[in-house]
Amino acid sequence: MAISLGELAVRFGCELRGDPATLVDSVAALGHAHGRSITFLANSKHRKELELTQAAAVILDRKNADSSRVQVLIHENPYATYARIAATLHPLPTRAPGVHPSAIVAANACIDASAYVGPLTVIEEGVTIGARAVIGPHCVLEAGVVVEEDVRLVSRVTLCRGVAIGARTLLHTGVVIGTDGFGFAPERGGAWLKVPQVGSVRVGPDVEIGANTTVDRGAIEDTVIEEGVKLDNQIQIAHNVHVGAHTAMAACVGIAGSVNIGKRCMIGGAVGISGHLSIADDVVVTGLSMVSHTINQAGVYSSGIPTEEARKWRRTVARFKRWRTVEERLAALERAIHAPPRARQEEDDD
Amino acid sequence: MAISLGELAVRFGCELRGDPATLVDSVAALGHAHGRSITFLANSKHRKELELTQAAAVILDRKNADSSRVQVLIHENPYATYARIAATLHPLPTRAPGVHPSAIVAANACIDASAYVGPLTVIEEGVTIGARAVIGPHCVLEAGVVVEEDVRLVSRVTLCRGVAIGARTLLHTGVVIGTDGFGFAPERGGAWLKVPQVGSVRVGPDVEIGANTTVDRGAIEDTVIEEGVKLDNQIQIAHNVHVGAHTAMAACVGIAGSVNIGKRCMIGGAVGISGHLSIADDVVVTGLSMVSHTINQAGVYSSGIPTEEARKWRRTVARFKRWRTVEERLAALERAIHAPPRARQEEDDD
Amino acid sequence: MAISLGELAVRFGCELRGDPATLVDSVAALGHAHGRSITFLANSKHRKELELTQAAAVILDRKNADSSRVQVLIHENPYATYARIAATLHPLPTRAPGVHPSAIVAANACIDASAYVGPLTVIEEGVTIGARAVIGPHCVLEAGVVVEEDVRLVSRVTLCRGVAIGARTLLHTGVVIGTDGFGFAPERGGAWLKVPQVGSVRVGPDVEIGANTTVDRGAIEDTVIEEGVKLDNQIQIAHNVHVGAHTAMAACVGIAGSVNIGKRCMIGGAVGISGHLSIADDVVVTGLSMVSHTINQAGVYSSGIPTEEARKWRRTVARFKRWRTVEERLAALERAIHAPPRARQEEDDD
C-alpha cells in the first residue's frame, strides 16, 4: 500500500513540510530508510542519524523540525504518530467472518456472525463471542467464557471456564487466562490439600497480553486486569491480583497472590512482587527488583545490583557478609578515642 | 447445589453451632458473603471481618468460635475443611467417558473405558491411560507415555516419549513434561554438540503442576517428581532434578540440572537454584533468593533485597561497591590510635 | 540396537583398549552402568566412580585411560564422543514423509516431498518447508514462514508471519518465534498506543530452542539468532535483540529490547539483561545476575548474592541499608584523631 504525505498529514493531524504528492509505502528505521519509506525521530539523541537518513520523510516534533534535510511531518507526539502511520502502511492480515470447519464448537455457543473462529479451535458450552472478534487457531474457550467485540486471540490462547475478556483486547500465542491459583491447605504429615479456586478472571478492554503469560483465576473473588493494561511475555499473575488501568509490565514479571497494583504503573522486567501488598498509582519499579513491602507513594523504586567482574564480585559479597565486623571495629575505635559516647547500634548476636 | 449445615458437619467431622437444616449453596470471602454462602476464618488477624460477615455460617477453630455472631462449623483445621466444603459446593465439570472423534489415537494405545480423551488430542503408539483419567483438548501424549488412574490433564499438556504420571496428578494448561534437557558438549571452535537426553521423567501420585511449567527429561537417568509435590506456574525443572515428596514451589522458580531437593520444602517465587547441589528436607527458601550452595539444615533461607526509592538505592549500591575503602580507612585509624594490633583482613588487591 | 566396540572405535576415531567384538546396546551413568552399556568419564573428579563401574566400556581421555578396569575407548573429547555414541545407540524415532490428513495446509504452501507434517498442524499461505523437515503435531506456521532442510519442530511450535528458520534447527514444544515485541507509545492521560511490530525474526542454522521460550519479532528491523545458538527453556528474547553465533543461555533468561550479544557467550540461568546495551564476544554471565551496562571485555561477570539463614540475612540487609551511617562515623573519627586530612567521599544528602 502506498499513501501520500498529504493524506497522512490530514489523517493524523500533522503539519507537512514537503510535497503532499510524495508517496510512501513502508516504515523504516532512521538509519535504514530508503526512498519510499517514512521514519521518525522521537528522541533528540538520535538527531545525528537524522542528518544521514535516506527516508522520503520523517515524523518529528517542532523543535527538531529544522534539523531534517528530508521532508517532515510535524506532530507533538512523533512516536504515537509513527505508530498510527505504521498501522496504516502495514495492516494486519484480516480474516473473513466465519467458523473454520475444523473448529469444535458447542451447539449452544453464541458466536457473532461477523466473528472469525480459526482452525482446530475448541469452543465449549455457553461461550459468547462478540462482533468482529478474531479467534485464531488452536485456542480453547472453556464453558461460559465471554469475549467482547473486536477481541483478537492470535493463536493457542486458553481461556478457562467463565473468564471474561473486554473489547479490543489482544492476547498473544500461549496465553492462559483463568488457570487455577496456587492454593493448598496444609494437612498433618506435610501433605497439601487442594483449595478449589472458584473465582474467575475479568480482563478489561484495550488490554494486551504477551506470549506464554499466565493469569490465575481468583480463589473466591475474581482476579482483575483493568482497561488498557499492557503485559509483556512470560508474566505470571497469581490469584486475586488486581492490576489498575494503563499499568504496563515488561517480560518475566512474577506477582504473588492478592497484590493490588495501582493505575499507570510501570513494572520493569523480571520484577518479583510478594503477596498481599499494595502498590500506589504511578509507581515505577526498575527491572529485577524485589518488591516485598507495600509502596504508598508514586515514585521510582529499585533493588537490583549490576554485575561486576566475577572475582571482584566475590570479594564484594565477602565484604558484604563481614559488615558486622566493620561496625564492631568502628564502635571499638569510637570508645578508644573517647569520641562523644554514641548509642550502640541495636544488634542481636549472630 | 445446596447442602445443609447438618450434613456438612457430619460429612467433614465438624461441631455445628447452629441450625442443621440451614442450607448453603456457595463459598464466599468473609467480607463478601451473603445469605446462603459459607465462609471461613483460618487466621485470627481477620477476626474483625468475622464480626461483620453476612454469611450463613463460618468454619473456624474452637478458639475463635465465640467471636462469631453467625452459625459456626468448628474444626481444628478450618482452611482444609473449607477446601473440602468448597469442592463439594463447586464441583468441577465432569466428562462422560469416551474418546472425542477429533482426537488422533494410535491403534495400539491402551485407553481405559472409563477415561475421557478430549477433542484434538494426539495419543501416540503404546500410550496407556488409566481408569477415569481426563485428558483435555489439545494434549500430546508421545509414544510410550503412561498415565495412571484419575489423572487430569486440563488442556494443551505435552507428555514426551515414555514419561510416567502417577495417579490423581493434575497438570494444567501448557505444561511440558519430558522435553530435552539442556546438554551440549563443547567442540573446537566454540560450537556445541547436542548430547542426547535418553532418560525420562517420573511424576508421582497426587502431584499438581501449574500452567506453562516445564520439566526436562533426564540426560541418562530419570528426572523425578515425588508424590504430593505442588508446582506453581512457569517453573523450570532441569534434567535429573529430584524433588522430594510434598515439596511446594511458587511460580517462576528455576532449578538447574541434577539438584536434589528434600521432602516438605517450600521454595518461594522466582527462586533460582544452581546445578548439582542438595537441599535438605523441610527447607524454606524465601522468594527471589539465589541458592548457590548445598543446604544441609532444615530452616529458612533468604537472599533477596527489598526495593527502596531509586535515587537512594543508587547511593546504596555505590556505597556497597566502595566497601573496600571503608575497611582500609578503618584499618588506618586502628593503626593510628595504637589500637591493639589486629590481623589485617585478607584482601587481594583489585 | 547393539554395536561393537570395534565399530564405535572406527566410526568415532577412538583408540580401543579391549575386545573389538564386545557388543554394547545403551549408554549409562558411570555408577549405574550394567553389562552391555557404555559410559564416559569427562571430569577427573568422578574417577572414583570409574573404579566401581560395571559398564562394558568407558569413553575417556588418554590421561585417565590407565585408571579403568573395564575396556576403554580413548578420545581427546570424551563427552562429545559420548554424545555421538549415545545418538547412535538411542536414535530418535523417525517419521515417514508426508502430511497427516488432519493437518490444515494452505493450497499454496510449498512442502518438500521428503518432509513430514504432523497431525493437527496448521500451515498458512505461502509457507515453505525444506527437505526432511519434521513438523510435529499442533504447530502453527503463519503466512510466509520459511523452514529450511532438516529442521525439527517437536510439537506445538508457533512461527509467526514471515519468520525464517535455518537448516537443522530444533525447536521444542511451546516455542513461539515472532510474536509482537512490547512496543507502545504513551498518549495523553496515561493510555498506551500499540506500535506495530513490522520486523521479523531470522533464526540461523544449527540452533536449538527450549520449551516455552519466546522470541519477539523486530519493531522495524529483524530480531536475529545466529547459527549454533543454544537457548534453554522459558527464555524471553525481546524485539531487535541480536544473539551471536554459538552463544548458549540457560533457562529463564530475560533479554530486553535491542540488546546485542556477542559470539560464544554463556549466559547463566535467570540472568536479566537491560535494553539497548552490548555484550562482547566470549562473555560469561553467572546465574541470576543483572546486566544493566554494556560489557566490552570478554570475561566472567556476576551480581547474584547467595542465600544465608533468613534471620542472619535480615540483619545483613539492615546493615547494608545503614552503610551511610558507617561512612559518616568513620569520617568523624578521622577528623577527631587528626588523621591526615582526606577528601570527603562525594555524597548527596539523603
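A few points about this structure:
- Sorted from longest to shortest, the spans of the Cα atoms of segment A:1-154 along the three principal axes equal 62, 29, 25 Å.
- For peptide C:311-319, the mean count of partner chain Cβ atoms within 10 Å of a residue's Cβ comes to 6.
- Full-extension gain in nm, C:Asp66 to C:Gln297, via 0.36 nm per residue minus C-alpha separation: 79.1 nm
- Helix content alone sets the calculated 222 nm mean residue ellipticity of the protein assembly as shown: runs of n ≥ 4 DSSP H residues at -39500 (n - 2.57) each, divided across all residues, give -4500 deg cm²/dmol.
- Summary of the geometry: segment C:267-306 and segment B:60-131, compared by the centres of their Cα atoms, lie 45 Å apart.
- Other residues within the sphere of radius under 14 Å centred on the Cβ of B:Lys263, judged by their own Cβ, net out at -3 (K and R +1, D and E -1).
- Under the membrane-span-like helix rule (DSSP H runs whose alpha carbons stretch at least 18 Å along the helix axis, mean Kyte-Doolittle hydropathy -0.5 or higher), chain B yields none.
- Of the two radii for the protein assembly as shown, the radius of gyration is 0.98 times the Kirkwood radius, both from the alpha carbons; that is the Rg over Rh value.
- Sorted ascending by nearby beta carbons within 10 Å, beginning with the fewest, C:Ile279, C:Ile237 become C:Ile279, C:Ile237.
- Values of log10 I(q)/I(0), in the order q = 0.06 Å⁻¹, for chain B under a Debye, Cα-only, solvent-free model: -0.36
- When only alpha carbons are used to place a centre, segment A:216-252 and segment B:145-217 end up 28 Å from one another.
- Semi-axes of the equivalent ellipsoid of segment C:95-162 are 14, 13, 11 Å, computed as sqrt(5λ) over the eigenvalues of the C-alpha gyration tensor in descending order.
- Likely footprinting exposure, A:Lys48, C:Lys45, C:Lys263, fewest C-beta neighbours within 10 Å first: C:Lys45, A:Lys48, C:Lys263
- With its label point defined 7 Å out from Cα along the Cα-to-Cβ axis, A:Val300 lies at 3.3, 3.3 nm from the matching points of the other copies, in increasing order.
- Antiparallel beta bridges, as assigned by DSSP with both residues in segment B:8-106, represent about 25 percent of the total such bridges.
- For a modelled paramagnetic label at C:Glu125, 7 Å from Cα along Cα-to-Cβ, the residues of segment C:136-159 in reach, with backbone nitrogen under 16 Å, are C:141-146.
- Shielding score for C:202-212, defined as the mean number of other chain Cβ atoms within 10 Å: 4
- The distance between label points at A:Asp281 and C:Glu309 comes to 4.7 nm (points 7 Å beyond Cα on the Cα→Cβ vector).
- Only beta bridges with both residues in segment A:111-204 are counted; by DSSP, about 15 percent of them are antiparallel.
- From least to most packed, judged by other beta carbons within 10 angstrom and beginning with the fewest, B:Cys252, A:Cys110, B:Cys160 follow the order A:Cys110, B:Cys160, B:Cys252.
- Placing a label point 7 Å from Cα along the Cα-to-Cβ axis, B:Arg47 is separated from the same position in the other copies by 6.7, 6.7 nm, shortest listed first.
- Per residue of A:142-149, other chain Cβ atoms within 10 Å of the residue Cβ number 1 on average.
- Spatially proximal lysines relative to A:Lys312 (Cα-Cα < 19 Å; intrachain offsets below 8 disregarded): A:Lys321, B:Lys321
- With a Förster radius of 22 Å applied to the C-beta separation of C:Arg11 and B:Glu187, the computed FRET efficiency comes to 0.85.
- Local net charge near C:Asp112, Cβ-Cβ under 9 Å (Lys/Arg +1, Asp/Glu -1): 0
- Proximal charge balance of A:Leu8 [Cβ under 15 Å; K/R count +1, D/E count -1]: 0
- Position B:Asp112, label points 7 Å along Cα→Cβ, spacing to each other copy in nm (shortest first, one decimal): 4.4, 4.4
- Residues whose placed amide H lies under 5 Å from that of B:Ile111, excluding near-sequence neighbours: B:Ile129
Here, each number is a calculation from the coordinates, and none is a lab measurement. Since we're looking at a predicted model, the values are computed, not measured. Glycine gets a Cβ as well: all are built from the backbone with ideal geometry, and neighbour counts include every protein chain shown.
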